[in-house]
Each structure stands twice: as structure tokens, then as C-alpha cells.
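In what follows, a single structure is set out as C-alpha cells and then discussed.
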Amino acid sequence: MQQAELYHLLKQKYGFDEFRPGQLAVIQHLLAGEDVLAVLPTGTGKSLIYQLVGSVLPGLVVVVSPLISLMQDQVARLNYQGEKRVAALTSQQDYGSRQQLLNRLDQLDFLFVSPEMLNQPAVLTAVRQVQLALFVVDEAHCISTWGPDFRPDYLTLGTLRNQLGDPVTLMLTATATARIRDDITRQLRVPTAHQVLYSVNRPNIYLAVATLSDETAKRARLRQLIETVAGPVVVYFSSKRQTDLTAEWLRDVTGLRVAGYHAGLSAEDRFKIQQQFMTGQLDVICATSAFGMGINKADIRMVIHYHLPTSLADYVQEIGRAGRDGQPALAVILYVAGDEHLVQSLNDLTSATPAEIAADQQRFARKQPAQDALSEVLDHYWQRGIDPARVSEQFVARAAARQRELAALLRYVTSTTCRRAVMLSYFGEDAPEHSLTCCQLPGADLPLDQLGLKRGAAPTTSEVEDWEIQLKRLFLLNF
Amino acid sequence: MFEDYLLRLFSVTPRRAKAIFNVLRGRRTVSTLFAGLTYGCLDQLDSWHGVPLERFLATAEALVNQGFLASPQPGYLQLTPDGQQRVAATTLYRPVALSAFQTVAVRQFAAEAQLALQVVSEAVHQQRRYYPVTTDPKTQARVKAWVRQQSRTREVAAAVYAGLHAFLGQLDPQLAAIFVASLTGYRQPGLTDAQLGVRFDRQPIELLMIRKDLTCQWVAWLQSHPKDPLAGLLAPLVKASPVSTSAQRTVRDFSQSGDLNQIAQNRRLKPSTVREHLLEAAILTPRFPFKRVLSPAVLTQLSDGFGGRQDVADWQFAEAQAVNAQLTFFEFRLYQIMRCHDATS
Ligand SMILES: [Zn+2]
């Protein structure tokens, strides 16, 4: 297909004149029948790539996605862009509706599915019976960072792809070190895939770290940042409960419009809060990392991490939600010495000694059910007949990898030199020269004036409207 | 709080806790339904669908530990004086229309209506690009089909507006405000239960209950206004009777032949299943033809023995058997059900 035709399609279908960095190259490789691993920063319109390819090639686009909430966001987004033949196959649907969906796969253009679901014989059989335009592995870094511990089913994606007849495959991720990229192509058995890489550097995001003496000082700094820096703001936490509690507290003390967001909310509540935020009816969202994977809000001005992220890769991904409009934005980690122990203990939850692993294999051999999250994970290995020594090796390697990731993150947090340089060198990139609007060095103030990120007057909370007026606004035109 | 809603289901006499919880969770075994009838909570059948039994049991245990409930014998709970006081003092919203759950797929209707209202609201403002409030394929497909059956957008929107205005106008203004503020549509994502709780100074669980009850009230309103556009969305989700199809058929067969064993044979059911069907129907339909099953002689005997006693749940089958050794448990239970209906009619 000629380049001109692709531009025509871009204009006609999506109303854009230009491709974003990386999009065109990836699309051309895929249309030429080549597999692609694309490392593109968040906000570069990754879904446009498979949408456009899907509209050119006949058949179904299968998108493997790690989270149900992410899939629902993506289906909603495609619906929004006018794609009607889209569905997600999830464990939340009952047997009947799933079966119905499988029976009409040939009428779909896009199917979102988790690896677990795709692994089910009935699903695999149904997908094998339709023509595939493209096989997409979204958030492909999950194979490496989530694979051995949380999502053993990701390990089977390579086999699944074989069983589907080795369709043209697109692996998408926002961040991946060389090690992770190798991991992805090895697991998916596509060693010759083209790699299209774009820098993880986001020059318009100012990188800051506030080192504080204790939890009280941390809360005070959070409040001060929220009150003085321009919004909209996302604050990330590592616990669900803390998102709600802090949202309530911030609402009380700042008078701003603040909401909590986490995977424990109902689908309806998640939708409402996302949309309130998107349409400017919320100033601050307090969220777990569940927030934002499917969200495309261009004008987020500040991303605060109240707790440490688990790795620099996650961090880059999460702050990448700020400043997508290209305007200055601010990323801040609030750090109290010892915070890394929380990450450490989260890591420990999913680690196990060789003795524990061997004992769990005995449990499986005795046909006793899994007792905890760890044995549930291990069950996946035992069911595939993998031997305990090999599993132990994987666990040891994984624990070491996590340790390295945490150490790299701490180097970034405690750096006394340019943080951007530390971050980029981790991803094997060269850094631009440090400047006043690059990053915060120890002892320096936030250059809010230079960045143009001072908060304006607080928005007046809107008057509670009479229900009759509200109803008229909803259903009567020109009211 | 959830605790307060739970506490309201108990009284100063002992009640079988699990049976009550199973009524709320929508279990339809005869023993659960009978408990619902005798404890007067059948109107809440299925209204807490999906809440695990463990959650109920843990909450009940907490209430026992706090001294609001007591357990006079294993499996039974009753209000303590503190519990009575707490129930009397609570101002939590009291639902009035939850019986809709017996015959209507209320949760599915709520999902479809929410999407349908969003579609109409966006359409009347000529918006073609928006995020649908649900991506559930079944709900989307059914709403799409409904939209195709409607006339011109502006007329539908006007009719939807008129219907909602009429329905909400008869409610307490705060309830109307909650209903409208939770809707999703043009330039209005809608408020979550937690946000409504802040705005109206109520607890989130209360909002959950209010919105559930308002949906049920709306369902009832739509059933009496069949020309409203939303009534078309509701109609396929309504069953004619709360009784299961199979039990309905048994009742029909029975009213023709009157012979339980013959029905069992014809339908290849166990006689005990046929009796269960009749009990289910008797519990859920007050107009059940009790006197076709209970002979005048049996009725006389039973009303001689139990005529003056209101504590239906506590009657012992053994007492009745002592008077008439031929009496079956089925007849005894049916008489209990009849008396419950008589007491409430
Ligand atoms: Zn720098």
C-alpha cells in the first residue's frame, strides 16, 4: 500500500493530517507481513496502529490485554471512534454471553481477550476458525515483568500464537530495556521481529523528587503541591484504601474536586470518575496503578507518586500520562527513607524459596487445592508439568531482576546529578544536557514560574442544580 | 451501614439467620422462600444478589459481638434491647419497591436503561462520539435494537423527558435529585454513590439502596405507563409470575387434574418435586387455590388446633400429627402458608 493511501485513510477515518512518531513505520512493516515490536511512548496512539491495519487487512484483529478494566476502556475508546464491531471476552461474562460472542466472531473486527481466556480450548478453537488480520500483544512488557510471578499464562502466548497459525504479530509497549525486549521476542517466538523504538524521554515533563523526613511531612508536601501547582493532577498510591482516605482528606482540606480511583470500584463508578476527570469536572484523582492505562487525557499537568513505583519502567509509563499535549508538566516522587521496604515486601509476597516451591509441588501431587495466592500461581506450572528445580530457577532469576529494578529506581530517587540522565541511561539512551527545566537536583526549588505551572484561582464548586433543570439539560435541545 | 440494614431483618423473637440472608441473596428453595414469608421479608427476595453469604455471616457475628444481636440457639438470631434501640433510632432509607426483583430482571434493566438514556441524551445533542457507559456486549446489542425501534430522536427524547419528569415529580424531591444526578448523558458523566453520599449527606450504602429502590419504583411506574419509550426496553425483562416456569406448569396441571401422583407420572417428576412446586407457587402467589389441596376435614382440624396462634413459624408438625396421624407435612406446610397470607391480606 502506498504511503499516500495511508495518509488518505488517516485523514478520512480519524481526521488527522500527520502520523505520530513511529506509527507510520510500524504500520508499513505490518502491512508488509512482518512482525513488529514497537516501543512507543504512551500517548502516541498505539491503538490507531492496529485499528488502521485492521481496516486495511481482511479478518479479525485479536488484541491480548492484561487487565479487564483496560479492555473495557479500549472497547469504549474504539466505540467512541466509531468502530462498532468490537468486543471484549472476559471472565466477568457468564457462559451464555461468552458462547454467543464466540459464535459470531466472524462478524467482529476487533476482539480483546486476556491470555487466560485465549488459553481456553473453546475460545482457541473459535478463534482458529476465523481469519486473523493481526495478533496484537498489548502492554507486551507484562510478559517479562509480570510473567513468571503474576501471569504465568503470558508464558503460553508463544505457543498460542503458533496454534493460531503464526499470524502477523504486533507487540506494543511504552517502555522496555534491551533485556525486556529480548525477553518479549523470545517468549513470543518472534526473534526476527522488527523493533521500532522511540525514546522514553519526555522533555516536557520536569522530573522532581521530594525527600521528606516522615509520613506527616509527606502529607504536608502532598497538600502543598496540590494547592500550589496547576492541575489536573493524578496521585498514585500502592494501596486501594489509601486512595479513598487521601481523596477524602484532600477534598476537605483543599476544597478541590478530588476522587479516589482503584480496581475495587464497580465498572460504573470507574466509568463515571474517568469521564468526570476527562471532562474537567475533577481536579485531582487519587489512584492505584489501575488508573490510566486506557485513559487519554492530554492536559494532565502533574503526576505525584505518594508511594514508590516498583520499577523505573513502571514509573516512566505512569508519568507518561502527564503533558501529552506537549505543554510543561511535573512528575514528583514523595520519598521518605525506608519507603523501598514497602516495594520490597510487595515483592516478597510473590517470592518463594526452593524448599517452599518443592513443598507446594508435593501439595499438588497429593491433589490438594491451592491455599494461597502463591500456590495458585505455582499451580499453573504444575499443571504444565514443569519441574520444581526449573520453577525455582525462574523464581530466583525473577527475584534478582526485581532487586535490580528496585536498585535502579533508588539510584534515580537519590541521585545528586541529573535525574533524566540516570533514567535514560537505564534504558540505554543518551540524555540531553541538564537545564533549569529538566529536573530537580537536591536542594533546588521547583521552577514553577519558569514552567508556567502555578495553580490559578481555585475553581468555585458548582452550585447544586435543581433536578428539573438538570433533566431538561440532558434531554431537551437548546435548553 | 450494611449492619443497620441487616439488623432491620431481625426481631425480638429468634429467626433463622441463614434463611433470611438467602432470601436477600435470591435463593429460591422452598425452605428459604418459606422463611421469607414467615419473617415478612419476601418482598426483599434477590435484592442483595451477589453479596456472598460469608459477608452476611461476618456482619451478623460482629453485631452479636457488639451486643446488638443475640443467638439463643445455634443458627438463630434475635434483637437484644440495644439492637431494638438501634433499629428504632436509625434513619437509614427504607426501600419500598424491592418486590420488583421477584418478577423483573432489575439489574439488567438498570444497565440497559442507563445506556439507553445516555444514547438518547447524546443523540438529541447531535453527539456521535462519546464513551458508552457500558461495554457489555449483551446490553449494547439490546439497547441498539431498542434505539432502532424508536421514532425521530427529538420526539423520543421529549417523550423520555416527559416520562421521567412525571415519574420523578411524584417522588420526594431529594430522591428525584439523586436519580437525576446519577444519570449519564450529554456533558454529564453522572455522580458515583460515594459522591452522591457527600452531596446528600448520606452513607454510600444508603445510596446503593436508594438507587436500587428508585430503579424498582421506576420499573413499577413504567409497568403502568406502557406507552413510555423505556417501557419497551423493560417489557422483555418482565416475567408474568414470580413462580418458576416449571412450577407454574405443575400448578396448571394440578388445577386441571387435581391428582399429584398423576402429574408426577406424566411429567416424569418425583412426587416430592411436584409438592415442592406447589409449595413454591403457594408461597409466591397469595391467590393459590389452597382449598383444592386441603380437604375441608383437614382444614377444620388444623384451624381447631392452630386457629388462634399467630406464631406460624414456630408451629411444630408433631403437634398437628398428634391430632391427625394421617396428616402429611405437605398439608401442614401449605396450611402454614395459607395462614401467613391471611394474616397479611
Ligand atoms: Zn536534569
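List of remarks:
- Residues in the range B:141-167 that are crowded, with 17+ Cβ neighbours inside 10 Å, under 17 Å from B:C216 (Cα atoms) and more than 7 Å from chain A (Cβ to nearest Cβ) were compared, and the one that is farthest from the chain's Cα centre (by Cα) is B:G163.
- Residue match in the range B:229-244 (condition: open to solvent by less than 40 Å² (accessible area, probe 1.4 Å) and within 14 Å of chain A (Cβ to nearest Cβ)): yes
- Criterion: in a loop (DSSP other than H, G, I, E, B) and open to solvent by less than 40 Å² (accessible area, probe 1.4 Å) - qualifying residue of B:F254, B:F288, B:F330: B:F288
- Tabulated pairs, the range A:409-422, first within 14 Å of another protein chain (Cβ to nearest Cβ), second at pLDDT 95 or above and within 14 Å of the ligand (Cβ to nearest atom), C-beta under 8 angstrom, 6+ apart or interchain: none
- The range A:183-201, residues that are of a type outside the set (V, I, T) and in contact with a Ser or Thr (Cβ under 9 Å, 6 or more places away or on another chain): A:D183, A:Q187, A:L188, A:R189, A:P191, A:A193, A:Q195, A:Y198
- Lone unmet requirement of (1) within 16 Å of the ligand (Cβ to nearest atom); (2) buried (at least 19 other Cβ atoms within 10 Å of the Cβ) for A:S425: (2)
- Odd one out for B:Q84, checked against (1) assigned by TED's automatic domain parsing to the domain that holds B:D46; (2) in contact with a strand residue (DSSP E or B) (Cβ under 9 Å, 6 or more places away or on another chain): (2)
- Filtering the range B:119-135 to residues that are part of a helix (DSSP H, G or I) and either open to solvent by 30 Å² or more (accessible area, probe 1.4 Å) or more than 9 Å from chain A (Cβ to nearest Cβ) (or both) leaves B:V119, B:E122, B:A123.
- Only a single criterion out of (1) more than 16 Å from the ligand (Cβ to nearest atom); (2) in contact (Cβ under 8 Å) with a residue 60 or more places away in the chain; (3) open to solvent by 40 Å² or more (accessible area, probe 1.4 Å); (4) among the aliphatic types (A, V, I, L, M) is not satisfied by A:A431, namely (1).
- Of all residues in the range B:102-118, those being open to solvent by less than 30 Å² (accessible area, probe 1.4 Å) and farther than 30 Å from B:L37 by Cα number 6.
- Candidates A:A126, A:A76, A:A140, A:A88 - the one that is more than 10 Å from chain B (Cβ to nearest Cβ), among the small types (G, A, S) and either open to solvent by less than 10 Å² (accessible area, probe 1.4 Å) or under 28 Å from A:V196 (Cβ atoms) (or both): A:A140
- Residue match in the range A:438-451 (condition: open to solvent by less than 40 Å² (accessible area, probe 1.4 Å), more than 14 Å from the ligand (Cβ to nearest atom) and outside the structural domain of A:P354 (by TED's automatic domain parsing)): yes
- Residue in the range A:61-70 that is part of a helix (DSSP H, G or I), within 11 Å of chain B (Cβ to nearest Cβ) and under 27 Å from A:T159 (Cα atoms) present: yes
- A:R257, sole failed condition from (1) within 11 Å of another protein chain (Cβ to nearest Cβ); (2) open to solvent by less than 40 Å² (accessible area, probe 1.4 Å); (3) under 23 Å from A:R219 (Cβ atoms); (4) touching a residue at least 40 places away in the same chain (Cβ under 8 Å): (2)
- Sole residue being loosely packed, with under 15 Cβ neighbours inside 10 Å, out of contact with any His (no Cβ under 6 Å at 6 or more places or on another chain), at pLDDT 90 or above and not aliphatic (A, V, I, L, M), chosen from A:P21, A:P58: A:P58
- B:K138 vs. criteria within 7 Å of chain A (Cβ to nearest Cβ), open to solvent by 50 Å² or more (accessible area, probe 1.4 Å) and either among the β-branched types (V, I, T) or under 27 Å from A:G82 (Cβ atoms) (or both): yes
- Scope the range B:297-317; condition surrounded by 15 or more Cβ atoms within 10 Å (Cβ to Cβ) and over 30 Å from the mean Cα position of the chain (by Cα); matching residues: B:V298, B:L299, B:Q301, B:L302, B:G305
- The residue that is farthest from the other protein chains (Cβ to nearest Cβ), among those in the range A:233-246 that are closer than 22 Å to A:Y315 by Cβ and not polar (S, T, N, Q), is A:Y236.
- Residue match in the range A:208-225 (condition: open to solvent by less than 10 Å² (accessible area, probe 1.4 Å), of a type outside the set (K, R) and not in a strand (DSSP E or B)): yes
- Tally, over the range B:168-186, of residues that are in contact (Cβ under 8 Å) with a residue 12 or more places away in the chain and either facing chain A (nearest Cβ under 7 Å) or crowded, with 17+ Cβ neighbours inside 10 Å (or both): 13
- Some residue of the range B:53-65 being free of Cβ contacts under 8 Å to residues at least 12 places away in the same chain, surrounded by fewer than 21 Cβ atoms within 10 Å (Cβ to Cβ) and over 26 Å from the mean Cα position of the chain (by Cα): yes
The values are calculated or read from the model by the stated rules, or taken from the named source; none is laboratory data. What you see is a predicted model, and the numbers here were worked out from it, not measured in a lab. Neighbour counts are summed over all protein chains in view; Cβ atoms, including those assigned to glycine, are modelled from backbone coordinates with ideal geometry. The accessibility values were calculated without ligands, DNA or RNA, using every heavy atom of the protein model including side chains. Shrake-Rupley method; radii C 1.70, N 1.55, O 1.52, S 1.80 Å.
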